[in-house]
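Before any comments, here is the structure.
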């Protein structure tokens, strides 16, 4: 049945109405989709921005690290040390002779004046001498510049760059009368040198940048500030992002990563700025090693050595398993001994007004720097022991080391030793209560430690294998006729027992040693020292091994150590050996 005109018109209107509604709904859906796309773009942009703000600091830090390493390298130190020279300073010293004469006159006048006044007004005497010294005017003229140069660059000695003569003369005058302060000053300068070589001190100093200005520090501080602020900005950006669209675990891990990154940057800045953390105490110990103690340890713990050999790490274990280091008082005592030895050399060995061409100021100055202990033997009328110093340096170290141990453990005590007090304190030998003997052995063990653990700190050519060779000689010497070593169940004082046994074998047994063995030469030296003790007393024997001025100590090992450090690369040593 067909529709009438009215029906067809209603149908058309209804269809149009439906089509219009569909178009409006479609438009709303498109608008909603567009809004969602815009929102997704905004959210993704925030996430991308947060990622960029984290990525940029990471890249900057990757660039900062090699830059800091470059500024702390040896080549950088060489360039910085050679960039400024003091040759234009008025009154500067350019000749060794002038420096030696000025320094020797200053020290010797000071000593003579102190002796005349009896030490009552010694500070005033020193002040008068400093005023009347030949180079006083020129030294006072450039004292400010030299003080800044010396204080700011203690590390130039590590690149084999010596101070100028003016700087050395001023340093000598300042330190000649500061024996008690020398140790703390050395620790301070070593700490600063360590910061210069092994930290980012050259490119970042925190709030100290306003005191020690340099373009490197400003750039480093700017880099640290930029990276810190960018890391801070990344956290709120990620917080505003569409986190609900991601897995909850991933969101938590990302939060932890961002917060830890910011926390590390903040903690590093606070750590550097706080004085408490930036002034940590410098280690104050004297490392020790001893071949007889090494032998006793291996006999007491043979399974440890076998296990280390099986794991192919015996050499590494031997270097780590050292004796217990000495206390801080020993370290400061050694510094005082070195100080006294240097001052005594300027006063008594270096000649100024000698007409003999072989004993000029320069000649005696150089001989004193190169001496290994000949001056000590000559002073004490012990020239018959000079043969022990004519061997190669590393052999000399071991010969005197073993001889010192033999003397230390062979001592039966004397009225000056107070053996009863030593026994009450748990000492293992009578000589342990004697301050001189104890200090001698500490220095001897320290030289043995350098030879075995850090031979690079000694003069070129020092052989670590010589220590093992001496150990092999001792082990072979202690073998019985059956080829078995002595009792492995050693008491706690096994070093003393082994030393007594070694002394007995080397003294009363024929054919045990050959004339090329280190132990053979050490036993010869020990016999000469023992005869000296029998003739002149045990105190005289220890006097050969000690300083006779101010504090007691081991001059033989002091001079041997000073000789090695003055001829080794400066970057391997830890002090100014140019006096």
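The values are calculated or read from the model by the stated rules, or taken from the named source; none is laboratory data. Computed from a predicted model, the values in this text were never measured in an experiment. Quick reminder, even Gly has a Cβ in these numbers, built from the backbone with ideal geometry, and neighbours come from all protein chains shown.
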> Quick one: how many residues across region 499-524 are touching a helix residue (DSSP H, G or I) at 6+ places or on another chain (Cβ under 9 Å) and either buried (at least 20 other Cβ atoms within 10 Å of the Cβ) or modelled with pLDDT under 80 (or both)?
Replying inline: 14
> Consider residue 284 against the criteria (1) modelled with pLDDT of 80 or more; (2) assigned to a loop (DSSP other than H, G, I, E, B); (3) surrounded by 12 or more Cβ atoms within 10 Å (Cβ to Cβ): it satisfies all of them except one. Which criterion is unmet?
Replying inline: (1)
>> Going by what's in this entry, would residue 414 be described as buried (at least 24 other Cβ atoms within 10 Å of the Cβ) and modelled with pLDDT under 90?
In response: no
>> Need the failing condition index for residue 249 against (1) over 46 Å from the mean Cα position of the chain (by Cα); (2) within 12 Å of residue 47 (Cα to Cα), just the number.
In response: (2)
> Hey, does region 351-359 have a residue that's out of contact with any helix residue (DSSP H, G or I) (no Cβ under 9 Å at 6 or more places or on another chain) and in contact (Cβ under 8 Å) with a residue 24 or more places away in the chain?
Replying inline: no
>> Scan region 303-319 and tell me whether some residue there is touching a strand residue (DSSP E or B) at 6+ places or on another chain (Cβ under 9 Å), at negative phi and not assigned by TED's automatic domain parsing to the domain that holds residue 532.
In response: no
> Within region 314-341, which residues are surrounded by fewer than 20 Cβ atoms within 10 Å (Cβ to Cβ) and farther than 21 Å from residue 284 by Cβ?
Replying inline: 314, 315, 316, 317, 319, 321
>> Among the numbered criteria (1) modelled with pLDDT of 80 or more; (2) in a helix (DSSP H, G or I), which one does residue 423 miss?
In response: (1)
>> Against the condition modelled with pLDDT under 80, over 30 Å from residue 98 (Cβ atoms) and crowded, with 18+ Cβ neighbours inside 10 Å, how does residue 205 come out, does it pass?
In response: yes
> Of the residues that sit in region 391-411 and are at pLDDT 85 or above and not in a helix (DSSP H, G or I), which one is surrounded by the fewest Cβ atoms within 10 Å (Cβ to Cβ)?
Replying inline: 392
> Hey, among 316, 294, which residue is under 28 Å from the mean Cα position of the chain (by Cα) and in contact (Cβ under 8 Å) with a residue 40 or more places away in the chain?
Replying inline: 294
